[in-house]
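Everything below concerns the one structure shown next.
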Amino acid sequence: EKGGGMQAKEHHPNREARGWQPHVVAVLCLSQEVNCYSSFDSGNCDDLWLLGEVTMDDCCLNPHYGYIGADRKCKSCGPPSWSEWTAWGRCSVSCKEGVSQRRRECQGQGKCAQTTTHREIQKLALETKVCIDSSCCPEQGQWSKWGQWQPCSVTCNKGVRKRARTCTEPQPRCGGSCDGPSEEKEPCVVDLICPTHGGWSNWDAWQPCSGTCGGENLPRPTQRRNRSCNNPPPSSVPPGDECPGLGSNTRTCDELPFCPVNGNWGLWGPPSSCSVTCGVGIHEMLRQCNNPAPKHGGLPCFGSNKDQKICNTKNHCPVDGQWSQWGRWEECKSNRGKIRCRKIGGQQRRQRWCEHTGFDGETCEGKITDYRACYDINLCHFDGKWSEWSEWSQCDPPCGEGAKRTRERKCIPDLSAYDETVGFHIKVKAYFDGKPFANCTLLKDPKQSLACMNVPPCDT
């Protein structure tokens, strides 16, 4: 021991038993062909990292890889672990009380939980909480009577006039509205002839350039296009306006190229060494567009200058260790004798294990054993007092019928007679260990429950 804890490299008799063994499945059935990816990013297999098609066992020689099999889902080659929770979903109803849910999934080779019941797995992968998007539901309003017709929209010939009404008899509430339009239109006629203003036709096609090529020190050739004021022509009585702008347009011919030379590929270069030293990687070959190179606007070579072929080292990649969860704190003890129910500090410890290390992978960094100062108050009697109400729990079960949420008040022992810290030269925070008895006045109902509303059904 050093510094109060065993080092992570210390041999543990169960390590081989706990070690991750990804190839057990291969003994039971033939490994399926899968698309192998050199990176697994939280459930995503990006085509940028696609290596090619190999067996699942060969792909998972590297625990950092991912693959897509016949079910078209991206899966991890690593040890089993829960994904991050998704964001909370939308409320199950748009107004008043409903529920919101979030999910996570088990990624990797194996199971994330020892339980096998569908109900327990649902509780680990799905959470549900109460939500209220709006305290009231929309109520529709009613239209007022139509207002007066407005004047005609034109001063000559045919136009339209409008009238309006308001959604006020009564007004809608909580985001409601009135059905139908707020405005009504009808045609109207003013007994005067309107003048016709001139309009341009479409531009004609560009005429040929005045030259076939442009020299470095000579003026650039030009080309011209025209349009006519006949779409429509301006009227004489009453007189209409002429078309605005010019009837012709000129531009320089800036892109008069030399004759183009299309590019063609040269020979492939030698293949590179395999891109990885373990698992599955790629050989890469390169070629150049120089046989000949494109010139004077010629087309570049068609296709890629790079070719890849899959290579298999048949070597399993290192699997780095992962810490297990901390175990339970052991009994609070002291080398000064019995300390239960006494105001004498002691010490307790807990342990964890470095799991899944294999194939020369790195062991876990940190300590196997953790220590803390403590008081032993197990089965001791204290005066107590009732806590405030706890926060409402999440809905249980998280889906389907019968979901409820609860809150409670607890009888808390009075531990004010104990010092918060212990130690002679260096004071450290002390924790209370054990389940004491607390004497509180009787309380009619220390626990409350409410039904969760509008909970979605469970997945089949």
*Leu124 paired with Ile412, simple spin-label distance in nm, labels 7 Å along Cα-to-beta-carbon*: 3.3
*For the range 399-419, list residues with backbone N below 18 Å from a point placed 7 Å from the Cα of Ala451 toward its Cβ?*
399-407
*Going by a ≥ b ≥ c, the root eigenvalues of the Cα gyration tensor, does the range 92-244 fall in the rounded group (a/c under 1.5), the prolate group (a/b larger than b/c) or the oblate group?*
oblate
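Take the residue pairs Lys111/Lys435; Lys73/Lys129; Lys75/Lys111 and return only those whose Cα atoms are more than 24 Å apart. Intermediate results must be reported in sequence, preceding the final value.
Details: Lys111/Lys435 33 Å; Lys73/Lys129 29 Å; Lys75/Lys111 13 Å.
From the list (Lys111/Lys435; Lys73/Lys129; Lys75/Lys111), the Cα-Cα distance tops 24 Å for Lys111/Lys435; Lys73/Lys129.
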*Rounded to the nearest 10 Å², what accessible area does Cys411 show when all protein chains are kept and the probe is 1.4 Å?*
40
_By accessible area with a 1.4 Å probe, ligands and nucleic acids excluded, highest first: order of His316, His296_ = His296, His316
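From the helices alone, meaning DSSP H stretches of at least four residues, give me the mean residue ellipticity at 222 nm for the chain, per-run term -39500 (n - 2.57), in deg cm²/dmol to the nearest 500. Intermediate results must be reported in sequence, preceding the final value.
Working: 4 runs with 21 residues, N = 460.
Result for the chain: -1000 deg cm²/dmol, rounded to the nearest 500.
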*Is any residue of the range 433-457 close enough, with backbone N under 20 Å, to a label point placed 7 angstrom from the Cα of Ser390 along the Cα-Cβ axis, and if so, which?*
433-453
*In percent, how large is the relative contact order of the chain, given Cα pairs closer than 8 Å and 6 or more residues apart?*
12
*Taking Cα pairs under 8 Å and at least six residues apart, what relative contact order does the range 246-401 come out at, in percent?*
18
*Based on the Kirkwood radius over alpha-carbon pairs, what value in µm²/s does the Stokes-Einstein equation return for the translational diffusion coefficient of the range 307-357 at 10 °C and 1.306 mPa s?*
101
_Label point distance in nm, Gln347-Ser228, each placed 7 Å from Cα along Cα→Cβ_ = 10.6
*So how much accessible area does Ser31 have, in Å² to the nearest 10, using a 1.4 Å probe?*
40
*the chain pair-distance distribution - Cα-Cα, 20 Å bins, rounded %*: 13, 24, 26, 24, 12, 2, 0
*asked:* Using a 1.4 Å probe on the protein heavy atoms only, what accessible surface does Thr277 show? Give it in Å² to the nearest 10.
replied: 120
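Would you mind counting up the charge near Pro446? Only other residues with Cβ under 12 Å from its Cβ, with Lys and Arg at +1 and Asp and Glu at -1. Don't skip to the end; give the middle numbers.
Values: positive: Arg407, Arg409, Lys410, Lys444, Lys447; negative: Glu388, Glu408, Asp445.
Local net charge: +2.
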_the range 116-193 - Debye-derived log10 I(q)/I(0), Cα point model, q = 0.13, 0.17, 0.26 Å⁻¹_ = -0.65, -0.80, -1.10
*Given the chain, what percent of its DSSP beta bridges are antiparallel, to the nearest 5?*
90
*Against the rule of thumb 2.2 N^0.38 Å, how large the Cα Rg of the range 347-460 comes out*: 1.65
*Grab the beta carbon distance between Arg103 and Ile310, set R0 = 30 Å, and tell me the FRET efficiency rounded to 0.05.*
0.30
_Along the Cα→Cβ direction, 7 angstrom out, place labels at Leu442 and Glu401. What is the inter-label distance in nm?_
3.7
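Largest first, what is the accessible-area ranking of Arg173, Arg163 with a 1.4 Å probe? Let's see the in-between values first.
On the way: Arg173 125, Arg163 55 Å².
Listed by decreasing accessible area, they come as Arg173, Arg163.
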_Within the range 153-183: backbone nitrogen closer than 19 Å to the Lys145 label point (7 Å, Cα to C-beta)_ = 162-171, 182-183
*Taking a cut-off of 20 Å between Cα atoms, list the aspartates and glutamates near Lys145, but don't count ones fewer than 8 places away on the same chain.*
Glu169, Asp179, Glu183, Glu184, Glu186
*asked:* For the range 166-251, compute Rg over Rh where Rg is the Cα radius of gyration and Rh is the Kirkwood radius from the inverse mean 1/r over Cα pairs.
replied: 1.41
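The values are calculated or read from the model by the stated rules, or taken from the named source; none is laboratory data. No experiment lies behind these values; they were computed from the predicted model shown. Cβ: placed from backbone, ideal geometry, glycine included. Neighbour counts: every protein chain shown. Each accessible area value is taken on the protein alone, full model and side chains, heavy atoms only, with ligands, DNA and RNA left out. Shrake-Rupley method; radii C 1.70, N 1.55, O 1.52, S 1.80 Å.
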